Amino acid sequence: MKNCIITGGNSGIGKSAAFQIASKGFSVILACRNIEQAQEVCKEITLTTGNPHVFAMKVDLSLVCDVKNFIKAYTQRFDTLDVLINNAADFDLSRKTPLITSEGHEAQFATNHLAPFALVQGLLPLMQKTNDGRVINISSQGLMLYPNLTFDFDNIKGDKYYSPAKTYYQTKLAQLMFSLMLKDKLAESNISVYSVRVTNVKIDMNRYQNISPLLKYMYKVKSQFSISPDEMAKVYTELATGSKRSGFYYDEKMREVKANKFAYNKEAQQKLWALSEGFIINIIYTIG
């Protein structure tokens with residue numbers, strides 16, 4: 001049985017993907033901060049699909065040390081990993097100032113980029129044991145609104161200026177840069193690397209209690225032109241369980257699309273990789 005980790009698999013697109021991938025006969029591991037909710041989702045999936053191999057494991061993706069603990073716990077419990085879907089993301093429009101974690105990182109950067117980077121680094125040895133490993137990182141269609149966006153290496157903590165939306169898209173650009181470099185590094189291996197351009201998807205507004213009435217109204221209008229989480233999750237599922245593809249970046253209709261121009265900047269990719277490695281190396285590489 002193949003193993004698939006989905007971060008943030010207890011809600012939204014991740015939850016829909018968990019149902020779909022479990023129905024394909026995969027063992028699915030939901031890596032979530034809210035372990036109680038994740039456990040309830042596991043029960044739902046098993047009841048619906050008949051697949052008992054659905055598990056919840058706790059991890060706070062904003063903390064690299066917690067990611068380390070998750071990697072260690074997963075490695076002790078499972079011998080291999082076939083698919084890693086880095087789905088979870090921090091996007092809180094009500095945040096007015098940067099949230100700095102106890103490790104000193106801006107929370108969106110830590111959750112949306114450092115955590116996927118650390119998970120890949122720590123779990124790669126298990127993926128190398130499989131015949132067909134797959135890493136699937138998630139980006140956003142919203143990047144199309146910023147065609148000239150570059151990664152600001154001088155404002156990673158948001159101390160020069162901060163916007164939750166701009167910071168979010170910075171992290172999604174970082175995911176594309178990281179994914180492209182990872183794809184190059186693993187080109188001769190058994191592991192494929194894909195990214196997904198998530199479009200407008202209907203969201204559960206109960207997850208966003210702190211946003212203003214205006215933003216709630218805007219989300220309500222936006223949802224009229226959005227697809228369902230189930231529909232978007234079909235792309236995750238196809239990339240995770242379908243035939244291997246030679247492409248890299250796919251939209252909601254499984255069409256290959258181009259990433260932002262800056263994502264292909266090799267020098268910037270290398271700089272981001274080295275920076276990210278510096279943030280995690282003393283934690284991830286000390287796993288015994």
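The values are calculated or read from the model by the stated rules, or taken from the named source; none is laboratory data. All of these numbers come straight from a predicted model, not from anything done at the bench. Neighbour counts run over all protein chains shown; Cβ positions are idealised from the backbone, glycine included.
Output the residue which, of all residues in region 90-118 that are of a type in the set (S, T, N, Q) and more than 16 Å from residue 66 (Cα to Cα), is modelled with the highest pLDDT.
Let us first name the residues in region 90-118 that are of a type in the set (S, T, N, Q), namely 94, 97, 101-102, 108, 111-112.
If we keep only those that are more than 16 Å from residue 66 (Cα to Cα) as well, we get 94, 97.
Values: 94: 84, 97: 95.
Filtering first and then ranking leaves 97.
Considering each of 14, 9 in turn, give the residue that is touching a strand residue (DSSP E or B) at 6+ places or on another chain (Cβ under 7 Å), modelled with pLDDT of 95 or more, under 23 Å from residue 200 (Cα atoms) and in a helix (DSSP H, G or I).
14
Can you spot a residue in region 93-109 that is closer than 24 Å to residue 244 by Cα, under 16 Å from the mean Cα position of the chain (by Cα) and part of a helix (DSSP H, G or I)? Can you show your working first?
Let us first name the residues in region 93-109 that are closer than 24 Å to residue 244 by Cα, namely none.
Checking region 93-109: not a single residue is closer than 24 Å to residue 244 by Cα, under 16 Å from the mean Cα position of the chain (by Cα) and part of a helix (DSSP H, G or I).
Pairs please, first residue from region 151-164 and aliphatic (A, V, I, L, M), second anywhere and surrounded by fewer than 17 Cβ atoms within 10 Å (Cβ to Cβ), Cβ atoms under 9 Å, 6+ apart in sequence or on different chains.
From residues that are aliphatic (A, V, I, L, M), the pairs are 156/275.
Output the residues belonging to region 173-198 that are in a loop (DSSP other than H, G, I, E, B), in contact with a Gly (Cβ under 9 Å, 6 or more places away or on another chain) and within 25 Å of residue 151 (Cα to Cα). Spell out the reasoning first.
As a first pass, look at region 173-198 and keep what is in a loop (DSSP other than H, G, I, E, B): 186-190.
Within this subset, residues satisfying the condition of being in contact with a Gly (Cβ under 9 Å, 6 or more places away or on another chain) are 186, 189-190.
Within region 173-198, 186 is the sole residue that qualifies.
Is it the case that residue 60 is farther than 26 Å from residue 235 by Cβ and in a helix (DSSP H, G or I)?
no
List the number of the failed condition for residue 108; all other conditions in (1) of a type outside the set (Gly, Ala, Ser); (2) out of contact with any Ser or Thr (no Cβ under 9 Å at 6 or more places or on another chain); (3) touching a residue at least 12 places away in the same chain (Cβ under 8 Å) hold.
(2)
The rows are residues; the columns are (1) at pLDDT below 95; (2) surrounded by 12 or more Cβ atoms within 10 Å (Cβ to Cβ); (3) in contact with a helix residue (DSSP H, G or I) (Cβ under 7 Å, 6 or more places away or on another chain); (4) within 30 Å of residue 25 (Cα to Cα).
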site: 192; (1), (2), (3), (4): no, yes, no, yes
site: 206; (1), (2), (3), (4): yes, no, no, no
site: 221; (1), (2), (3), (4): yes, no, no, no
site: 250; (1), (2), (3), (4): no, yes, yes, yes
site: 254; (1), (2), (3), (4): no, yes, yes, yes
site: 257; (1), (2), (3), (4): no, yes, no, yes
site: 261; (1), (2), (3), (4): no, no, no, no
site: 267; (1), (2), (3), (4): no, no, no, no
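Just to be sure, is residue 153 exposed (fewer than 14 other Cβ atoms within 10 Å of the Cβ), under 20 Å from residue 273 (Cα atoms) and modelled with pLDDT of 95 or more?
On the way: exposed (fewer than 14 other Cβ atoms within 10 Å of the Cβ): yes; under 20 Å from residue 273 (Cα atoms): yes; modelled with pLDDT of 95 or more: yes.
Yes; evaluated as a whole, the condition is true for this residue.
Which one of these is part of a loop (DSSP other than H, G, I, E, B) and either closer than 23 Å to residue 133 by Cα or aliphatic (A, V, I, L, M) (or both): 240, 259?
259
What do you reckon, is residue 41 over 27 Å from residue 170 (Cα atoms) and at pLDDT 95 or above?
Values: over 27 Å from residue 170 (Cα atoms): yes; at pLDDT 95 or above: yes.
Yes; evaluated as a whole, the condition is true for this residue.
May I ask you to verify whether residue 122 is surrounded by fewer than 19 Cβ atoms within 10 Å (Cβ to Cβ) and in contact with a Lys or Arg (Cβ under 9 Å, 6 or more places away or on another chain)?
For residue 122, the condition - surrounded by fewer than 19 Cβ atoms within 10 Å (Cβ to Cβ) and in contact with a Lys or Arg (Cβ under 9 Å, 6 or more places away or on another chain) - is not met.
Yes or no: residue 90 part of a helix (DSSP H, G or I) and surrounded by fewer than 22 Cβ atoms within 10 Å (Cβ to Cβ)? First the steps, then the outcome.
Working: part of a helix (DSSP H, G or I): no; surrounded by fewer than 22 Cβ atoms within 10 Å (Cβ to Cβ): yes.
No; evaluated as a whole, the condition is false for this residue.
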